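Colleague: For reference, the structure I am asking about is given below.
The values are calculated or read from the model by the stated rules, or taken from the named source; none is laboratory data. Computed from a predicted model, the values in this text were never measured in an experiment. Cβ placement follows ideal geometry from the backbone for every residue including glycine, while neighbour counts extend to all protein chains displayed.
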Amino acid sequence: MNKYIYIFSSLTLFFLGSCGSQEAAEYEELANKVIINQPIRDAHSYSNLDEIQTKHIHLDLEVDFDNKSIYGIARHEMINRGTDTAIFDIKGLEIQRVTLGEVGKEENTGYVIGIEDVILGAPLSVEIDSSTTFINIYYKTTTSSGALDWLDPKLTAGKKHPYLYTQGQAILTRTWIPTQDSPSNRITYSADVKVPKDLMALMSATNPTEKSETGEYHFEMKQAIPVYLIALTVGDLAYKKLGKNCGVYTEPSMLKDVSWEFADLRKMIAAAEKLYGKYQWEQYDVIVLPYSFPFGGMENPRLTFANPTLITGDRSLISVIAHELAHSWSGNLVTNATWDDFWLNEGFTVYFENRIMESIYGKEVADILALIEFQELENEIIEISGGDHPEDTYLKLALNGRDPDDGMTSIAYVKGAFFLKTLEEKVGREKFDVFIKKYFDTYKFKTITTDVFEKYLAQNLLNPNDIEFNTKEWLYEKGIPKNCVKIVSPRFEKVEVLANEFSNGKNIFKKKKKKDLITREKFITQEWLAFIRKLPRNIDVKQLAILDEKLNFKNSGNAEIMTEWFVLAIETGYLDVRPEMEKFLMKIGRRKFILPIYKTLAKKKENLAFAKEIYKKARPYYHSVSQKTMDELLKVN
Ligand code: BES
Ligand code: ZN
């Protein structure tokens, strides 16, 4: 019964929101402009992209908070090269029926769901004929739809309304939309979404700035994107414009703080455009989500998803926004064709992020940020090299048979960025910038692999300038090559000296001239991270208590500092921080923060029990991405 009601209402919705003929012509023109790449074999998708590929998806969705389910129809418009089967990726979806043909002329067709793989999900093979171009999949999401985070009102800032957001990257789109879930294909999309009347729906597409009276919303994404960038949020949301083509969404009670924190948004877009060419997505908005969001940010086109831990009240974590904005070029415009080429997304983005930070806040700040990341890279290389997959320190990964999430390490991000920094140093910034700008322009709206980049680099930068460079070593060999640029930062060194002096017993808080007093405000977040990292692991816990008394790290409200502090506290046995640490883990779901804390706890038997106890309570509040990582670490579930 239920099923028919939803099909009926979705169809009604579709007719209400269906495009006019002028729009259809516009869409046709745009779709024709899209250069369809020769799809390549992607080990993380079952789809037969070489035979048939989606060029446009129209989604009819109804979001049901009572049952925590999305009822959907995914209407695929395909380019068919003459095949009789179309294979889609699905995971945690209940498929109800599949039809062929345009709306109004649909006919049921046969389909088979293959064997479920724990990582990839299952292939959905649909019976078609060689001329089929419209395939409509009627489905329902389930509690195993890992992309979806359904939040009860108590987990939101306003505490009155439920909330939903999706996370598609890397291969979670298949858990809420049946798709050919490979980044090697690009599609345009449109959607008609129905949500409860008092909530606003937003997607990685054209967005409303106010709630609709009916709870019905129509979306268009006319530029071709990989499906991992399809995203949806539903909640009690408000918008504030911050500049010409940018603004912020969040829950009403947070809007003021969020607007203040991201006041430099317009400046960042201008800086990015000055570096590498026009912003191609018209609008750039940021939505600050609830605390369970597993990432710092996610570059959903036109609408970056951001973590509320960025709202520190001092604008000190704004580089995450620079990062997500940079993805509007690296990642969203030029996309990794497979997850083995992930560094093409993230390495370029970290490099670009640092350039945006440099142009707005100066080289001194940019260098401190880069050095903090470099320390993380060095540590992670040691860890990976001693593990089961030492080859994960190559930029070009080989993740077949594994979860692409395994590739989300500092290698792609920081080794990737230092590869580009090293190239920049070798050829000079001027030439390098011309090269990068041309690279984005050449491959915009395409997907590429590492070897395509390797050739492009040789032909367009190295050979014409007669430069010898160890490209192969950077891409296909382990660790950090010897010619990697070294960053020297006097400010960084100064806090490290201060940390040494403190741990050697010097009273760094002694009264002196006001401007020399050591206060929390004296240094930026990343300088404090350098300071904390430099403290020896055998430091007397009484010393740590002094730091907490003077600088209040354990309650600083800055999640970067708190994470670093809790890790040190666990390693040194400074147990006073337990209540704050527990509160932190109960509230925040960002994996980058909670993982190091649980990991450090798990190292000692007596702390492991404590970790498991907290995790049991906190787990329901985390997104599936964080749950999966912690489940594996703590060997629960
Ligand atoms: N695209 C990533 C997040 C991601 C990567 C999600 C792979 C799923 C799979 C995003 O741009 C990112 O890198 N976020 C970082 C930001 C940081 C490097 C500034 C994060 O969340 O910490
Ligand atoms: Zn990123």
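Colleague: For the stretch 326-349, which positions are in a helix (DSSP H, G or I) and more than 10 Å from ligand 1 (Cβ to nearest atom)?
Modeller: If the condition is that a residue be in a helix (DSSP H, G or I) and more than 10 Å from ligand 1 (Cβ to nearest atom), then Asp340, Asp341, Trp343, Leu344, Gly347, Phe348 are the ones that fit.
Colleague: Confirm whether Gly362 is free of Cβ contacts under 8 Å to residues at least 60 places away in the same chain, among the small types (Gly, Ala, Ser) and in contact with a helix residue (DSSP H, G or I) (Cβ under 6 Å, 6 or more places away or on another chain). Before you say what the answer is, go through the steps one by one.
Modeller: Details: free of Cβ contacts under 8 Å to residues at least 60 places away in the same chain: yes; among the small types (Gly, Ala, Ser): yes; in contact with a helix residue (DSSP H, G or I) (Cβ under 6 Å, 6 or more places away or on another chain): no.
The answer is no for Gly362.
Colleague: Within the stretch 618-637, is even one residue in contact with a helix residue (DSSP H, G or I) (Cβ under 7 Å, 6 or more places away or on another chain), modelled with pLDDT under 95 and closer than 18 Å to Gly146 by Cα?
Modeller: yes
Colleague: Out of the residues in the stretch 271-301 that are away from ligand 2 (no atom under 16 Å from the Cβ) and among the charged types (D, E, K, R), state the one that is nearest to Arg619 (Cα to Cα).
Modeller: Across the stretch 271-301, the extreme among qualifying residues is Asp285.
Colleague: Next up: Do we have any residue at all in the stretch 349-359 that's away from ligand 2 (no atom under 16 Å from the Cβ) and surrounded by fewer than 22 Cβ atoms within 10 Å (Cβ to Cβ)?
Modeller: yes
Colleague: Continuing with this model, one more query. Filter the stretch 285-325 down to residues that are touching a strand residue (DSSP E or B) at 6+ places or on another chain (Cβ under 9 Å) and in a helix (DSSP H, G or I) and give me whichever is farthest from ligand 1 (Cβ to nearest atom).
Modeller: Of all residues in the stretch 285-325, those touching a strand residue (DSSP E or B) at 6+ places or on another chain (Cβ under 9 Å) come to 285-290, 292-308, 310-311, 320-321, 323-325.
If we keep only those that are in a helix (DSSP H, G or I) as well, we get 308, 310, 320-321, 323-325.
Working: Pro308: 13, Leu310: 10, Val320: 4, Ile321: 9, His323: 4, Glu324: 6, Leu325: 10 Å.
The selected residue is Pro308.
Colleague: Test each condition in (1) in contact with a strand residue (DSSP E or B) (Cβ under 6 Å, 6 or more places away or on another chain); (2) within 16 Å of ligand 2 (Cβ to nearest atom); (3) among the aromatic types (Phe, Trp, Tyr) for Phe262 and report the one that comes out false.
Modeller: Against the list (1) in contact with a strand residue (DSSP E or B) (Cβ under 6 Å, 6 or more places away or on another chain); (2) within 16 Å of ligand 2 (Cβ to nearest atom); (3) among the aromatic types (Phe, Trp, Tyr), Phe262 comes up short only on (2).
Colleague: Being of a type in the set (Lys, Arg) and within 16 Å of ligand 1 (Cβ to nearest atom) narrows it down to one of Arg429, Arg402, so name that one.
Modeller: The conditions single out Arg402.
Colleague: Name the residue that is surrounded by the fewest Cβ atoms within 10 Å (Cβ to Cβ), counting only residues in the stretch 301-344 that are more than 18 Å from Glu282 (Cβ to Cβ) and among the small types (Gly, Ala, Ser).
Modeller: So the residue we want is Gly313.
Colleague: Of the numbered conditions (1) more than 21 Å from Ser503 (Cβ to Cβ); (2) at pLDDT below 95, Leu575 satisfies every one except a single condition; which is it?
Modeller: The one condition Leu575 does not meet is (1).
Colleague: Here's another thing I want to ask about it. So, restricting to strands (runs of 3 or more DSSP E) that lie completely within the stretch 120-213, which ones have at least 3 residues that are under 26 Å from Leu49 (Cα atoms)?
Modeller: Fully inside the stretch 120-213 and qualifying: 122-127, 134-141, 187-194.
Colleague: Test of understanding: among Lys534, Lys587, which residue is in the same structural domain as Ser624 (by TED's automatic domain parsing) and within 25 Å of the chain's Cα centre (by Cα)? It would help to see each step written out before you state the result.
Modeller: Details: Lys534 fails: within 25 Å of the chain's Cα centre (by Cα).
Selected residue: Lys587, the only one of Lys534, Lys587 that is in the same structural domain as Ser624 (by TED's automatic domain parsing) and within 25 Å of the chain's Cα centre (by Cα).
Colleague: Here is a list of conditions, (1) farther than 24 Å from Asn470 by Cα; (2) within 11 Å of ligand 1 (Cβ to nearest atom); (3) not charged (D, E, K, R), and Ser359 meets all of them except one; can you say which number that is?
Modeller: Going through the list (1) farther than 24 Å from Asn470 by Cα; (2) within 11 Å of ligand 1 (Cβ to nearest atom); (3) not charged (D, E, K, R), Ser359 breaks only (2).
Colleague: Here are some residues: Ile467, Ile546. Which one is touching a helix residue (DSSP H, G or I) at 6+ places or on another chain (Cβ under 9 Å) and either within 30 Å of Glu391 (Cβ to Cβ) or buried (at least 16 other Cβ atoms within 10 Å of the Cβ) (or both)? Lay out the reasoning, then the answer.
Modeller: Values: Ile546 fails: either within 30 Å of Glu391 (Cβ to Cβ) or buried (at least 16 other Cβ atoms within 10 Å of the Cβ) (or both).
When all the criteria are applied, what remains is Ile467.
Colleague: For the stretch 390-420, name all the residues that are within 15 Å of ligand 2 (Cβ to nearest atom) and either under 17 Å from Thr629 (Cα atoms) or of a type in the set (Ser, Thr, Tyr) (or both).
Modeller: If the condition is that a residue be within 15 Å of ligand 2 (Cβ to nearest atom) and either under 17 Å from Thr629 (Cα atoms) or of a type in the set (Ser, Thr, Tyr) (or both), then Pro404, Asp405, Gly407, Met408, Thr409, Ser410, Tyr413 are the ones that fit.
Colleague: Condition check: assigned to a helix (DSSP H, G or I), away from ligand 2 (no atom under 16 Å from the Cβ), under 27 Å from Glu273 (Cα atoms) and of a type in the set (D, E, K, R). Does Lys438 satisfy that? Give the steps one after another, and end with the answer.
Modeller: Details: assigned to a helix (DSSP H, G or I): yes; away from ligand 2 (no atom under 16 Å from the Cβ): yes; under 27 Å from Glu273 (Cα atoms): yes; of a type in the set (D, E, K, R): yes.
Against the criterion (assigned to a helix (DSSP H, G or I), away from ligand 2 (no atom under 16 Å from the Cβ), under 27 Å from Glu273 (Cα atoms) and of a type in the set (D, E, K, R)), Lys438 qualifies.
Colleague: For the stretch 62-80, check the following and say yes or no: at least one residue is closer than 30 Å to Thr449 by Cα and either in the same structural domain as Gly401 (by TED's automatic domain parsing) or over 28 Å from the mean Cα position of the chain (by Cα) (or both). Break it down into steps so the answer makes sense when it comes.
Modeller: Just the residues of the stretch 62-80 that are closer than 30 Å to Thr449 by Cα, to begin with: 74-80.
Filter again for either in the same structural domain as Gly401 (by TED's automatic domain parsing) or over 28 Å from the mean Cα position of the chain (by Cα) (or both), leaving 79-80.
Yes - at least one qualifying residue is present in the stretch 62-80.
Colleague: Quick test of your reading of the structure: Glu106 fulfils all but one of (1) surrounded by 14 or more Cβ atoms within 10 Å (Cβ to Cβ); (2) free of Cβ contacts under 8 Å to residues at least 24 places away in the same chain. Name the failing condition by number.
Modeller: (2)
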